[in-house]
1. So Thr9 fits all but one of (1) in contact with a Lys or Arg (Cβ under 9 Å, 6 or more places away or on another chain); (2) closer than 21 Å to Arg97 by Cα; (3) of a type in the set (S, T, N, Q); what number is the exception?
2. Assuming Pro132 fulfils every condition listed in (1) in contact (Cβ under 8 Å) with a residue 60 or more places away in the chain; (2) outside any helix (DSSP H, G or I); (3) crowded, with 19+ Cβ neighbours inside 10 Å apart from one, which condition is it?
3. So, of the residues in region 72-93 that are in contact (Cβ under 8 Å) with a residue 40 or more places away in the chain and either in a helix (DSSP H, G or I) or surrounded by fewer than 18 Cβ atoms within 10 Å (Cβ to Cβ) (or both), which turns out to be farthest from the chain's Cα centre (by Cα)?
4. So, of the residues in region 6-31 that are out of contact with any His (no Cβ under 7 Å at 6 or more places or on another chain) and under 22 Å from Gly179 (Cα atoms), which turns out to be surrounded by the fewest Cβ atoms within 10 Å (Cβ to Cβ)?
5. Do you know which of the residues in region 94-106 that are closer than 20 Å to Tyr123 by Cβ and either touching a helix residue (DSSP H, G or I) at 6+ places or on another chain (Cβ under 9 Å) or not assigned by TED's automatic domain parsing to the domain that holds Cys71 (or both) is surrounded by the fewest Cβ atoms within 10 Å (Cβ to Cβ)?
6. Of (1) modelled with pLDDT under 95; (2) under 15 Å from His11 (Cα atoms); (3) of a type outside the set (Lys, Arg), Glu298 satisfies all except one. Which?
7. Please go through region 94-125 and pick out each residue that is in contact (Cβ under 8 Å) with a residue 24 or more places away in the chain and within 18 Å of Pro138 (Cβ to Cβ).
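The values are calculated or read from the model by the stated rules, or taken from the named source; none is laboratory data. Note that the structure is predicted; figures quoted are calculated from it, not measured. Neighbour counts are summed over all protein chains in view; Cβ atoms, including those assigned to glycine, are modelled from backbone coordinates with ideal geometry.
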Amino acid sequence: MNLKDSPVTQHCFHGQRFYLKRDDLLHGHFNGNKARKFYSLLTEPAPKVTRLIGWGSAQANSLTALAALACVKGWKLTFYVDHKPHWLDKKPIGNYRTALELGAEIISLTELLGKEAPHPQDYIEATHGQDPECLIVPEGGRSTIAKPGIDLLAAEILDWARLNNEGKPLKVALPSGTGTTALFLAQTLQPNGIEVLTCPCVGGKEYLKTQFRQLGQFDHTPTILELDYKHHFGKLYPADYEIWTELQQQTHIEFDLLYDPMMWQCLLEWQSHHPDHTLLYIHQGGLLGNESMVARYERDLGARVLGC
């Protein structure tokens, strides 16, 4: 597993040139920002650990990444979800299907304990918190365990920037869920004169700042871009599907349908006011999730969105 030195390619979108850091190419199942976040778990020895414990949604990108990590390390993965659709076990798709194929045990607490089931994090702490053979990974990798892998990514970006100096300010852009990747990148890149741009895909600007603070006190934080309307995480927006389709048509590269469309809408607006810069966009993987997202668009918005 070569989890460093992902290639950088050059593209044009809406008439604007940009560079793309292809972290989606790191590995088939262990790629993108989750590969960076879980890099230290892959490389550091943990002789007592036999089981990974995680939680999140049934289509979380972290689910597949943790399942792949467990396979490589010879561990079991138990992944807790609050709930999952009943049809998903009959017709597994996306990250859920791939994680099952990799041997993950995926447990719905609602099915296990009923409607009054505790939050997965509380249940995990009570059930597995004192077990030395279990390694508990916070949802989405929002933890300082992510820093070594993200520091490696930052070093790669700095090396690339030194060799590709165009005499313009370099901006590094990526969307945020927990904001972990963007925050740790900012710690290294912004003291070197490289601004990190992000957008809050889960919650708003203040929620993202709260996520930053929960990771610790830091001198540098990313620049947060926002849309001029409320964008609810996981909700289907025709504009998201449209810009996702345009990205594929103009770059010939598939992007994530859940996070990237919002970031690119923010970027297009930002670029209109900041024309003199070099943009490096970080592809964070997540392509397995597109299978379930596209199915939702087809089912819920149909011809109005897809032109069928």
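1. (2)
2. (3)
3. Result: Val72.
4. The extreme case among them is Leu25.
5. If we take residues in region 94-106 being closer than 20 Å to Tyr123 by Cβ and either touching a helix residue (DSSP H, G or I) at 6+ places or on another chain (Cβ under 9 Å) or not assigned by TED's automatic domain parsing to the domain that holds Cys71 (or both), then Ile106 is surrounded by the fewest Cβ atoms within 10 Å (Cβ to Cβ).
6. Among (1) modelled with pLDDT under 95; (2) under 15 Å from His11 (Cα atoms); (3) of a type outside the set (Lys, Arg), Glu298 violates only (2).
7. Asn95, Ala99, Ala104, Ile106, Ile107, Leu109, His119, Pro120, Gln121, Tyr123, Ile124
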